[in-house]
Structures are given as structure tokens and as C-alpha cells.
Amino acid sequence: MGTTAKEEKSSSNNSAGIGKAHEEKHVRDHHPWDYHVSGPRDLASPHWRDLIFSSWRNPSYRRIAVSCFVQAAYLLELDRQAKRTGAQEIASRWWKQFKYKLVRTLVDERDGSIYGAVLEWDHSAAIADYLFVRPWGAPKAAIALRGTIIKGSTIRRDFEDDFRLVTWDCLKGTVRFRGTMEAVKAMISKHGAHNVCIGGHSLGAGIALHVGKELAKQGVYIDCHLFNPPSVSLPQTLRFIQKTASLMWRGNKSRKDSDDENGAEKLMKDVNGWMPHLYINDADYICMHYADRAGTATMTSSHKGNNAPSRLFLAPRGQKSLMEAHGLQQWWSNDIELQRSISDSRLLTRQLRSMYLESPSEKS
């Protein structure tokens, strides 16, 4: 039988639609940052076996998952800049692989850029793979924060926050700090602090650290993963922190004022009660100061006798460019052999001790 012009047009439209869908899928699947192109190799999606033994109990799996969430935060902004939507966008696979869903993007009100993502466990997607309950250790919510993107309109605001972090070692009061804190508190209110984790890379790690410290001051401890957190700051800022912390701790030994003693005890509790996971490559000068010159962290006197596990992880040594050493991609490699420090970072300890101290920016 012959076809009418209307039927031929409809058939042509259908073919064009199918062809466009295939073209979009081809472009997406071959994009250099598509999950199946540059994501973790041989990493199985959660399935029914996780009912018996949760993959999230494995520190390596947790590192890979959180770093992928942070990569998704980068790609959400890159998708926005490239105006990729629907089948063309590439960010979603980086959380769907782990059975999570996007519930909110964190947007910088100054330029409209996306700097973070709020993810929640996707119960419906898990059930489809016969995973009827959330695996033990898998957070109900995860907040992921990207670092600096040196392209597009967001570069100005990224560098503004970078400069503030480098010069003052403080992001409290910034747009992204406030937005992140509000999102984290909302998830804590909904799921409980023990079911929420936060992760960030570079500038995003700096924001995550400041949010975690502020919550720790309130006695709220959340799981925190910091990839290549900036440790570079002006010498006078570090001297200020060191000198003030030293005076405070020495003074607490001789003062008889009970309020000061109670404050010191609370500070010790907070320092030992909350310790983020630091992922450091000592070939990266931006974060290398979290480790000592030998490449491992050194135990401080305040931590002697503390049996809490260390949270500092070092990438293996080797000849790497700055971009490779500072890159996020190294942290979702499932064949990387990390060196786990036997103690805590001296720089991080100083930063935690300074939680109750007045920073230069706050003083002014």
C-alpha cells in the first residue's frame, strides 16, 4: 500500500527524532567527562548484595563515591554554561551510578553559577535493582562542592573566594559559605547529622572545612571529605593562628578561672570529636602543607593517647604535573594505593584549635 503525504511527513519526523536522540546519546557518551569515558573503572553499581555487605563500609568505595559527587557539581556548572539539558547533560550519571538523585543545586546569587549539589538516596532507583533498604554507611544526603573553574563567567567569583581563602584563611560570611551552611542544616534537620556527608575539592574543600568547623563548634559532627584542600595562606595569618593558639593553650595550664578551663576542655573535645578525611597529593603545592616535609603527618602533643583513627590520606609519590597533582580525577581511581597517615595533620590541628579564636577578618 502507498503512504499519504501526511504519513510520510510523520514517518520523517519520527526518523528525525530518533536520529537526533541517537546523535545526542553519541555526543554525551563520547564527551571526555562522561561517566563511562572518564569515571571509575570496573565499579559496580549498588545491588542486592549490598543488603548483606555494604560497599559503603569500604573506605575506598566511599572516597570514590564522594569524589564522583563532587565531579557532578563541576559538571552541573559546565552543563549550564554549555546549555546542555535533558539527554545532552552529562552530570547526572555521576550520581545515578550510586543510586542517588539531585534534589537541589547550590547557586551563587552573584553570577547565577552552580557551585554545589545536594543529593539524596534514591529509594525508587534502588528498588529497581532489588536493593530494598539503604546499605549500611551510605549517607541519606550528600552535599558536594566544586572548586574553581577557569572558564566561563564564574571565574571572577571563583577567584574572589580563592583570594579571600588565601589571604584570610576564612570564608565565613561569603555567599557560598552561607548557601552551603543553609543546605547542610536543612539536610541535618531532615535526616540527622550522622546521615549527612559533605565533600569538596580545592575551593569547595575549603568551604566544606569551614562549614564542618562551624558545625563542630555547635557540637554537630558530620562526615567530611576534603580533596586537595587549600593550605596556602599568607604567613602572617598562619603566625596569627599559631601564636594565638599557643598562648591560649599555655595559658589554660596556669589559669585558675573555671570558665577558661571549661573552654579548653570543650575545645579538646571538639578537636578530637570531629576530624575530616583529607586527601592530599604532596606534589600539589596548594594542599601539600597539610603534610610535613617527610610526606606524612606528625602527631602533636594534644593528640597523644587519642585512639581515634587518622583521616589523612596521601596519594603515591611520583612525577606529576601540577594539574594532575591537584586534579580531582586521581581520587576516583579504584586502583590507587593511598598511604594512610598514622596520625593527624599539624596544620589541620591548628585550624581546629582556632575554631574559637578570632580570625583576622572577623577581628576587623
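The values are calculated or read from the model by the stated rules, or taken from the named source; none is laboratory data. What you are looking at is a predicted structure, and each value in this text was computed from that prediction instead of being measured. All Cβ positions, glycine included, derive from the backbone under ideal geometry; neighbour counts span all protein chains shown. Quick note on the areas: whole protein, heavy atoms, side chains included, nothing else; ligands and nucleic acids left out. Shrake-Rupley method; radii C 1.70, N 1.55, O 1.52, S 1.80 Å.
Pairs of Cα atoms nearer than 8 Å and 6+ residues apart set the relative contact order; for segment 73-191 it is 22 percent.
Cβ-Cβ distance of S321 and I150, R₀ of 25 Å, FRET efficiency by 1/(1 + (r/R0)^6): the value works out to about 0.95.
With the other protein chains left in place, how much accessible area per residue, in square angstrom, belongs to segment 35-174 at a 1.4 angstrom probe?
Numbers: 6260 Å² over 140 residues.
Accessible surface, normalised per residue, equals 45 Å².
Ordering F69, F313 by accessible surface, largest first, gives F313, F69; the 1.4 Å probe counts only protein heavy atoms, with every chain in place.
The equivalent ellipsoid of segment 82-224 has semi-axes of 27, 21, 10 Å, largest first, where each one is the square root of 5 times an eigenvalue of the Cα gyration tensor. Using R0 = 30 Å, the C-beta based FRET efficiency linking F132 and S38 works out to 0.40. Pairs with C-alpha atoms separated by more than 22 Å, drawn from the list K83/K151; K99/K190; K101/K185; K96/K140; K151/K213, are K151/K213.
Quick one: with all protein chains in place, what share of the accessible area of segment 44-163 is carbon or sulfur, to the nearest percent (1.4 Å probe)? Taking all protein chains in place, segment 44-163 shows 56 percent carbon and sulfur surface.
With K and R counted +1 and D and E -1, the other residues having a Cβ less than 14 Å from that of L328 yield a net charge of 0.
Based on the Cα coordinates of segment 101-151, what is the per residue volume of their convex hull in Å³?
Numbers: hull volume 5.1 nm³, N = 51.
Per-residue hull volume (Cα only) is 99 Å³.
Would you kindly state how much longer the chain becomes between K96 and A125 on full extension, computed as 0.36 nm times their sequence separation minus their alpha carbon distance, in nm to one decimal?
Numbers: separation 29, 0.36 × 29 = 10.44 nm, distance 0.83 nm.
So the extension gain works out to 9.6 nm.
Pop the C-beta distance of F163 and Q218 into the FRET formula with R0 = 25 Å and round what comes out to the nearest 0.05. The formula returns an efficiency of 0.35 here.
Using a simple spin-label model with pseudo-atoms 7 Å out from Cα toward Cβ, E109 and S45 lie 3.8 nm apart. The protection proxy used here, the mean number of other Cβ atoms lying within 10 Å of each residue, ranks peptides 115-127, 183-195, 137-149 as follows, highest first: 137-149, 115-127, 183-195.
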